[in-house]
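Input: a single structure, listed below in structure tokens.
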Amino acid sequence: MEPGRAGCLLLLLLLPALAAAAPGEFDPYRVLGVGRSSSQADIKKAYKRLAREWHPDKNKDPGAEDKFIQISKAYEILSNEEKRANFDRYGDAGESQGFSQQQHRQFHRFHDGFYFDESFFHFPFNSERRDTSDEKYLLHFSHYINEIVPDSFKKPYLIKITSDWCFSCIHIEPVWKEVAQELEALGAGIGVVHAGYERRLAHHLGAHSTPTLLGLINGKITFFHNAVVRENLRQFVENLLPGNLVEKITDKNYIRFLSHWRKDNKPHVLLFDHMPVVPLLYKLTAFAYRDYLSFGYVYVGLRGTEELSSQYNINVYTPTMMIFKEHIDRPADVVQAREMKKQLIDDFLSQNKFLMVARLTSQRLFQELCPVKKSHRQRKHCVVLLTEEGEKFAEAYEAFLTFAVANTKDTLRFVHIYSDRQPEFADALLMDEEKYRGRSAVVILERRNNAGKIAYKVLEEAWQGSKEDNFILLDLLDQLRTDPGLLSSETVVADLNDELAPMFLIRWFYSAVDYISGWWDSLFHSNWREMMPLLSLLFSALFILFGTVIVQAFSDSSDTRDAPPSGKEETAAKTEKNDASFSKESNRIPKKSFVEVTELTDINYTSNLVRLRPGHMNVVLILSNSTKTPLLQKFALEVYMFTGSSSLHFSFLSLDKHREWLEYLLEFAQDAAPIPNQYDKHFLERDYTGYVLALNGHKKYFCLFKPHRSGDEGGTLGSCEDYDALQHAEARGKSSCSPGSRSIKNKLHKLSFWMERLLEGSLQRFYIPSWPALD
């Protein structure tokens, strides 16, 4: 056999063995250095420690990138309980149910008789392998424009923009998967945009970096700016919804709420539940059906709802949903379930979207209640009561409502219309206006096309609601079942007026408010690329406005600049210059001869931090009982020149009492504090004395000053020899310092420079979701 053919045959024989061995070589437990019985907290700590150590941007080792990829892959497997269980059971993180299924899925045909494992040649950052759960959410530009944007008027969308080679995308992926599944089950929309393949859509959405999370509702985009955790994402989606979707109902207002059915022309829904806040599922449902239904929420555990619960015989231990239509003393339909699922609610509400005798207030409602005939089997007839407003016509309406309740069928829809509000519609149907003037009339009609053509028949006599009127109408409806030609008259009606549409000024006001709120959000959070046209227009207007004045001022003073100033003028100019310089420096001149430093305790924690006024910051020194005196003395010297600012407050925090609070904050600062290791016996002894935090209570962020090490800069007094040399230059007996206290004070070296950068706003900011409790 030739050597080349022998080598190829040997390679083909070895491929299955290598492929079968490849999955077993990767052990996520060994990569993260944890045991198989480790908890999720231990796995997360190990991952954060290793990811920080092997991040390619910080570790210049040639193998750092491959190591970081292995760490990320290991954490992706072990952080997911399902994948972890599959790995423990089968040695692979796939979702297989057995070894035979796993083999069938993993191995692919190679020519005719050989198989190979795809994972043997697979690179971990391939998006098809890493983001398989996102495939069903992938969006394309045309799909987004034609389907997602119109659908955003029915439900909010949470959209993620991702790409390959995105390390941050890997970090947020477990949280994203959990939240996406949860929100989708509640009724929210989920979308994923791959910036590498859909650059046009990513640019259209305003995303210029990955990962980017944004919300879409009513065609408007809102960017997510907080930490990617489950609670923040749920709150973000909830904040997208309008605030007036669901009204809180008690014994005092339930009658008023249910009685608005005539004004709103909608059924009213009441949900009884023992949750103190309105569930997100209910808010999303209210947004989806807001054009058809009005929603109210009753917290059955609240005092003041006893009468309401007793009135409708509510089981306080089971969530209950009731639909009220024309009669508020009894619900038209009821559903109870221990867990209200979206499908159950949708089925319940879709069958009760309209009143028993809804009023035609718009062309859209007319098309939904009286659809166009598509075939003989799909005939639907509308029985229309033409009446007017007022007590005079109330009796005729009540009789028509009673008849509708008793004779409702799938092929019949009962509606009414106010002739004075829709005069064109009434005139097209009532040929003899004098006969029905001041009286109600009943018309049976069928829509033939979307152009307004209808076939109809008018009851010969005016509708008064008597028994004779009921018999005549019932007889006509029975004949109509067998003889569609009974509707002998035809006409074309104009589109109905939208009676409930807001006035032009109100619509203009709402549009202006939406535009201003969007512009304000873009000013502080959005990218500046989209703001450039607006800024260009603004500066152009300012230039046109003030350009003439500036040119005129320079032209008037040209002669004065050419002439040399007199002695008095020179003296006056120097005096003004000195005064201006002095006033500029005096802005920070201390107003007191001492520095007021208070201890941050659980008593003043809320007032000094959590509810600190906007624009104010609290500069907090971390110290212990043993270092309290020297650190406070040095701290006072360093910050004394900044005590003139009314927006700065100074405090100190005892490390002995509040170490856990400090370590929680430092977790949000990059490399500020290491992740605790269960094998590190000295971790609890870590020295944080000398740390300084500038806390902004209103915007929930802090800036960090880490202690200065004396060996980092020459000339700093950090040794005993330097201290002895300095004693010769000082007055005898005047110095009370010691080498130990001086090394402690040196921790705050360059704090004044840090304070300068703090006032300039050039320090890095570390944001947190909320301030933790101090105790």
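The values are calculated or read from the model by the stated rules, or taken from the named source; none is laboratory data. Computed from a predicted model, the values in this text were never measured in an experiment. Note: ideal-geometry Cβ built from the backbone for every residue, glycine included; neighbour counts use all protein chains shown. SASA here: full protein model, heavy atoms, side chains in, ligands and nucleic acids out. Shrake-Rupley method; radii C 1.70, N 1.55, O 1.52, S 1.80 Å.
If N is the number of residues in region 288-350, what value comes out of its Cα radius of gyration divided by 2.2 N^0.38 Å?
Ratio of Rg to 2.2 N^0.38 Å for region 288-350: 1.15.
Let me know the volume per residue of the alpha-carbon convex hull for region 587-629, in Å³.
Dividing the Cα hull volume of region 587-629 by its residue count gives 114 Å³.
Per residue, what accessible area does region 179-310 have, given a 1.4 Å probe and all protein chains present, in Å²?
The answer is 45 Å² per residue.
Starting from the Cα of residue 313, step 7 Å along the direction of its Cβ; do the same at residue 762; then give the gap between the two resulting points in nm.
About 7.6 nm separates the two model spin labels.
Once you keep just the Cα pairs under 8 angstrom separated by 6 or more residues, what percentage relative contact order results for region 212-258?
In percent, rounded to a whole number, it is 25.
For every other residue with a beta carbon closer than 11 angstrom to the beta carbon of residue 410, add +1 if it is Lys or Arg and -1 if Asp or Glu, then tell me the sum. Can you show the working numbers first?
Details: positive: 379, 380, 409, 413; negative: none.
Neighbourhood net charge equals +4.
Could you compute the FRET efficiency for residue 660 and residue 488, with r as their C-beta to C-beta distance and R0 at 56 Å, rounded to 0.05? Show your work: numbers first, answer last.
Details: r = 86 Å, r/R0 = 1.53.
Computed FRET efficiency for residue 660 and residue 488 comes out at 0.05.
Relative contact order for region 408-485: what is it in percent, counting Cα pairs under 8 Å that are at least 6 residues apart?
19
How much accessible area does residue 66 have with a 1.4 Å probe, in Å² rounded to the nearest 10?
Taking all protein chains as shown, residue 66 has close to 100 Å².
How big is the charge dipole of region 263-415 about its Cα centre, in debye rounded to the nearest 20, if each Lys and Arg gets +1 on its Cβ and each Asp and Glu gets -1 on its Cβ?
Working: 21 positive and 18 negative charges, 173 e Å.
Dipole magnitude for region 263-415 comes out near 820 debye.
Kirkwood-based Rg over Rh for region 134-191 (C-alpha set), two decimals?
0.99
Give the Kirkwood hydrodynamic radius (Å, one decimal) of region 373-449, defined as one over the mean of 1/r across all pairs of different Cα atoms.
13.5
Taking a probe of 1.4 Å, how large is the accessible area per residue of region 314-427, in Å²?
In whole numbers, region 314-427 has 51 Å² accessible per residue.
Loop only by DSSP, 14 or fewer other Cβ within 10 Å of the Cβ. Give me the GluC sites (Glu not before Pro) in region 321-380 that pass, ordered by residue number. Walk me through the intermediate numbers first.
Numbers: sites: 326, 339, 368; in loops: 326, 339.
Passing both the DSSP loop test and the Cβ count: 339.
Once you list every other residue whose beta carbon is under 11 Å from the beta carbon of residue 321, what net charge do they have if Lys and Arg are +1 and Asp and Glu are -1?
Cβ neighbours under 11 Å give a net charge of -2.
Relative to the present Cα-Cα distance, how much length would full extension add between residue 536 and residue 550 at 0.36 nm per residue of separation?
Extra length from residue 536 to residue 550 when fully extended: 3.1 nm.
Suppose R0 equals 30 Å; then what is the FRET efficiency for residue 133 and residue 686 from their Cβ-Cβ distance, rounded to the nearest 0.05?
Given R0 = 30 Å and the Cβ-Cβ separation, E is 0.15.
With the radius of gyration and the Kirkwood radius both derived from the Cα set of region 350-498, what is their ratio Rg to Rh?
Answer for region 350-498: 0.92.
May I ask you to evaluate 6.51 cos²θ - 1.76 cosθ + 1.60, the Karplus curve with θ = phi - 60°, for each residue of region 459-473 and list the ³J(HN,Hα) values in order in whole Hz, giving x for glycine and proline?
Once θ is set to phi - 60°, the couplings for region 459-473 become 4, 4, 9, 5, 7, 10, x, 6, 4, 5, 4, 5, 5, 5, 5 Hz.
Give the Cα extents of region 136-232 along the principal axes, in whole Å, largest first.
Principal-axis extents of region 136-232 (Cα, largest first): 32, 30, 24 Å.
Quick one: with all protein chains in place, what share of the accessible area of region 303-398 is carbon or sulfur, to the nearest percent (1.4 Å probe)?
44
If you take every residue apart from residue 477 with its C-beta less than 14 Å away from the C-beta of residue 477, what net charge results, scoring Lys and Arg +1 and Asp and Glu -1?
Neighbourhood net charge equals 0.
Describe numerically, in nm with one decimal, the distance between label points set 7 Å from Cα along Cα→Cβ at residue 218 and at residue 337.
2.9
Figure the gain on full extension for residue 44 and residue 402 (residue separation times 0.36 nm, minus the Cα-Cα span) and round it to one decimal in nm.
Details: separation 358, 0.36 × 358 = 128.88 nm, distance 6.58 nm.
Answer, rounded to one decimal: 122.3 nm.
With θ taken as phi - 60° and the coefficients 6.51, -1.76 and 1.60, list the Karplus ³J(HN,Hα) couplings across region 224-234 in order, rounded to whole Hz; mark glycine and proline as x.
8, 10, 9, 5, 7, 10, 4, 5, 5, 5, 4
Taking just the alpha carbons, could you work out the radius of gyration and Dmax for region 311-387, both in angstroms?
Computed over the Cα atoms of region 311-387, radius of gyration and Dmax are 16.4, 48 Å.
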